[in-house]
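The values are calculated or read from the model by the stated rules, or taken from the named source; none is laboratory data. None of these values were measured; they are calculated from a predicted model. No Cβ is skipped: glycine too gets one built from the backbone with ideal geometry, and neighbour counts run over all protein chains shown. When the accessible area is computed, the model is the full protein with side chains, heavy atoms only, and any ligands, DNA or RNA have been set aside. Shrake-Rupley method; radii C 1.70, N 1.55, O 1.52, S 1.80 Å.
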Amino acid sequence: MRLTSQSVPLIFIACLLLAVPRAEAANDSGPDQRDFWSLNFGIAYAWDEHAFRDFNGNDVATWLSGGWGGHFGFMPDWMGMEAELATTVTDGSWLGEDWSMISGAFYLSTYTGSERLYLKLRGGLSSNRVKIGNYTGSDTGLAGGAGIGFQFLGQPLELHFTAVDGDVNTLTLHWRF
């Protein structure tokens, strides 16, 4: 299934609209409901078999994203849903060509641990628009990753590694609010 570049913002807006009724109910729920907004910053790099062996800092793009996460009443406490919209702020390099990307993703997530320190796994679908040199293309595929959530000076943070559609990996720090 392929989506157009206009589909990415529409998917994100639809996910946000689903969050609005739950955001009001979040005030009545306990802390383990895990409803949040987040601002995420990190790096992204195109994956190939030489990604780590021939690692070059110039190949890395700067990655910025925003997200929403929530828990619905029919879900167990350790499970949630997330939506994320992301873009490269600076271009990376892949096979000698500059690359950039816009991505929208929807994940199911699972947690284990406490609010102060937990492991998080997430998997779902992403819709991506990539520009490599003069070529631009769109694709939809699976995305997934793992993260660690923790409190730092009373602030909830998460450190994530995510494989976006199998071709791009990100390492991001998520500031939850």
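Karplus-derived 3J(HN,Hα) values for segment 84-90, using 6.51 cos²θ - 1.76 cosθ + 1.60 with θ = phi - 60°, are 9, 10, 9, 8, 7, 8, 10 Hz; glycine and proline are entered as x.
In Å², what does the accessible area per residue of segment 61-177 work out to with a 1.4 Å probe?
Numbers: 5530 Å² over 117 residues.
About 47 Å² of surface per residue is accessible.
In this Cβ point-charge picture (+1 for Lys and Arg, -1 for Asp and Glu), segment 41-128 has a dipole of about 420 debye about its Cα centre. The loop-placed trypsin sites (Lys or Arg not before Pro) in segment 96-134, going by DSSP, that have at most 16 neighbouring Cβ atoms within 10 Å of their Cβ come out as Arg116. In sequence order, segment 63-70 has phi-based couplings of 10, 10, 8, x, x, 10, x, x Hz under the Karplus curve 6.51 cos²θ - 1.76 cosθ + 1.60, θ = phi - 60°, and Gly or Pro positions carry x. Could you please report the charge total around Phe152, scoring K, R as +1 and D, E as -1 over all other residues with beta-carbon less than 14 angstrom from its beta-carbon? Once all neighbours under 14 Å are counted, the net charge is 0. Couplings 3J(HN,Hα) of segment 141-157, computed from phi: x, 7, 9, x, x, 9, x, 10, x, 7, 9, 10, 6, x, 9, x, 10 Hz, in residue order, whole Hz [Karplus 6.51 cos²θ - 1.76 cosθ + 1.60, θ = phi - 60°; x for Gly and Pro].
Please give me the summed charge of the neighbours of Leu142: other residues whose Cβ is under 13 Å from its Cβ, Lys and Arg +1, Asp and Glu -1.
Numbers: positive: Arg122; negative: Asp139, Asp165, Asp167.
Neighbourhood net charge equals -2.
Tell me, what is the percent relative contact order of segment 96-153, built from C-alpha pairs under 8 Å that lie six or more residues apart? After rounding, I find 37 percent.
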